[in-house]
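The values are calculated or read from the model by the stated rules, or taken from the named source; none is laboratory data. Only a predicted model underlies this, so the values are computations on that prediction, with no experimental measurement involved. Note: accessible area is taken over every heavy atom of the protein model, side chains too, but ligands, DNA and RNA are not part of it. Shrake-Rupley method; radii C 1.70, N 1.55, O 1.52, S 1.80 Å.
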Amino acid sequence: MFDILFIGLSLSSILLLVALGLAVTYGAMGIINMAHGEMVMLGAYVAVLANIWLGANLLLAIPLAFVVTGALGYAMERMVVRRLYGRLLDTLLATWGIAILLQQAIRLEFGLVFFGLHVEGLGAGLQNVPVPGFLQATLTVFGQELNTYRLFIVAVTVVLTVLTWHVLYRTALGMKVRAIIRNPQMAAACGIDVRQTNSITFALGSGLAGVAGVLMAGFRSVSPDMGATMVVDGFMVVVTGGVGSLLGTVAAAGILGEINALTAITFNEITGRAAVLLVVILVILLKPAGLFSFKGR
Amino acid sequence: MLTMTNLEGCYGRSRALTGVCLTVPKGQITGIMGRNGTGKTTLLKTIMGLTDNTQGTITLDGKDISAAPSHMRARAGIAYVPQGRGIIPDFTVRENIVMGGFANRSGRRAVPEKLAELFPYLTANLDRPGGLLSGGQQQQLAIARALAAEPDVVLLDEPNEGIQPSVVEDIERVILRMSREFGLTVVLVEQNIGFLRRAASTFAIMEKGRVAQTGRVEDLTDAIVDRHMTI
């Protein structure tokens, strides 16, 4: 039982990392970012390429992926998303388009394939990233065998969640972000540069997705279309938890990850998926604003 | 001094201001009056840069700010206390006040010292969520937030609307002190003619999105009030 719960915890961690970025961009900016999953995918490819071309291991790939996907998110906000604030459906379509572009860019090796050039690590096929030796061991805690890589995923997630919480609730940037969530006009009237703050927020959210991608690269194969399902999972977590609530996102990721693990191991993978969807539908039916919706006068 | 020339402000495609010209003298209170829907709130929002497709020019102490985005206008020294107060309900009182400091030109983000004396209730309850305060307390909080920016100009939109009489007196006293003691320029949208006569030095009456009449407050006769304010 304990080992199943532990596997659930590591699934929850990945879900949470994907959802954290979405919670910030969707909650703060009202953007449905369909390309968020592609940031996960690109983060995984950063791990693949860093391993092949730089000989860097997964640990080094984490900050690298954060910077690459963060910068890409920043550029995306500046060039496309910025022009679409307040137009929810248009952001959905535009970011979906970006998602397809990014997938194809990896599949076609940035177009080099047309010139007969091949970049090792890119392309339509599956890629794998080796996990450093010290993360492959099993650890025995209280008579339970724990996979160190899963433990590592949980630890990274805890650190990043605490960091995100700290930025949101204990820094000037976080205060700006939260003010914009509640009342963008008043935020601007108080001297907050709403556009600049949104760019930075979007970049941070994308960077978190990139880190999730690196961690995923350690236990499953990497492919150009791996992000498509991640964005759906991410949104399920955000909506179940309650839009704009960090605590809700954490709780929802924990609950959905554990349900997935418990049913998937007791029955099979497909039942696990169905159980998660069932819970999400029930939550939305019974508490449309999510488990931890914001209350106020 | 705040001057507006041929100001037009829109919400989407509907125009709410048509060619407003107005001069707000420095360090004094200018009262804006008019029936509902004549563009008083839109005027304040347009000064703050919160309306769409604004045309015309706004200058603050000779500097043209018409093209500046809202946050730059705030940082140029204009603070806004909106109708409905715009308090962030899940921010504490302290956070709500400090939020105003993002526009402070000295870069200082803190609760101003003079607040203890102006709003003793707020300074005693800095850690309460803003959403739990009464309407009058929220109004005081909105004014405190504006003052945290250490502005030159404060735009007040019906600060006494829907507030219990005992608090109204407090707020009126603070508004008077803002101009007489702190030397702030105040643009005050107000329906209460009695308070406006006591506080303001000049007035402007709005009708159908334009300024119908302006003058010194001594010249605001009952006849003028009847013509523009009675329904």
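Here is the P(r) of chain A: all C-alpha pair distances, binned every 5 Å from 0, give 1, 6, 11, 16, 18, 17, 14, 9, 5, 3, 1, 0, 0 in whole percents. Phi angles of region A:199-214 translate, via the Karplus equation with coefficients 6.51, -1.76, 1.60 and θ = phi - 60°, into HN-Hα couplings of 4, 5, 4, 4, 4, 5, x, 5, x, 4, 4, x, 5, 4, x, 4 Hz per residue; Gly and Pro are given as x. Between the amide H of A:Asn147 and those of A:Leu139, distances stay under 5 Å, these residues lying 5 or more places away or on another chain, with hydrogens modeled in the peptide plane.
From the Cα gyration tensor of region B:80-217, with a ≥ b ≥ c the square roots of its eigenvalues, which class applies: rounded if a/c is under 1.5, or else prolate if a/b is larger than b/c, or else oblate?
On the way: a/c = 1.84, a/b = 1.57, b/c = 1.17.
Judged from the Cα gyration tensor, region B:80-217 comes out prolate (a/c at least 1.5, a/b above b/c).
Close amide H partners of B:Leu17, meaning residues 5 or more places away or on another chain with modelled amide H under 5 Å apart, are B:Gly9.
How many percent of the accessible area of region B:2-229 is carbon or sulfur, using a 1.4 Å probe? Before the final figure, lay out each step's value.
Details: 4360 of 9110 Å².
Accessible surface attributable to carbon and sulfur in region B:2-229 totals 48 percent.
Using just the alpha carbons, could you tell me how many Å³ per residue the convex hull of region B:59-140 encloses?
Working: hull volume 9.1 nm³, N = 82.
Dividing the Cα hull volume of region B:59-140 by its residue count gives 111 Å³.
Close amide H pairs (under 5 Å, H built 1.01 Å from N) link B:Val211 with B:Cys21, residues at least 5 positions away or on another chain. Put simply, region A:143-297 fits an ellipsoid with semi-axes of 31, 20, 15 Å; these come from the alpha carbon gyration tensor as the roots of five times its eigenvalues, largest first. When every Cα-Cα distance of chain B is counted in 5 angstrom steps from zero, the calculated P(r) takes the values 1, 7, 15, 19, 20, 17, 12, 7, 2, 0 percent. Along region B:80-97 the Karplus relation, 6.51 cos²θ - 1.76 cosθ + 1.60 evaluated at θ = phi - 60°, assigns HN-Hα couplings of 10, 10, x, 4, x, 6, x, 6, 7, x, 9, 8, 5, 4, 4, 4, 4, 5 Hz to successive residues, with x for each Gly and Pro.
Once Rh is set to the Kirkwood radius over Cα pairs, what Stokes-Einstein translational diffusion coefficient, in µm²/s, holds for the protein assembly as shown at a temperature of 37 °C and a viscosity of 0.692 mPa s? Spell out each step's value before the answer.
Values: Rh = 25.8 Å.
It comes out at roughly 127 µm²/s.
Based on protein heavy atoms only, the protein assembly as shown ends up with 43 Å² per residue of surface accessible to a 1.4 Å probe.
Determine the percent antiparallel among the DSSP beta bridges restricted to region B:2-229, to the nearest 5. Let's see the in-between values first.
Numbers: 22 of 39 bridges.
Just about 55 percent of them are antiparallel.
Averaging Cα coordinates gives a centre for region A:141-159 and one for region B:87-124; these two points are 44 Å apart. What the phi angles of region A:64-78 give under the Karplus curve with 6.51, -1.76 and 1.60, with θ = phi - 60°, is a coupling list of 4, 5, 4, 5, 5, 5, x, 5, 5, x, 4, 4, 4, 5, 4 Hz, glycine and proline written as x. Buried between A and B is an accessible area of approximately 1900 Å², summed over both sides with a 1.4 Å probe.
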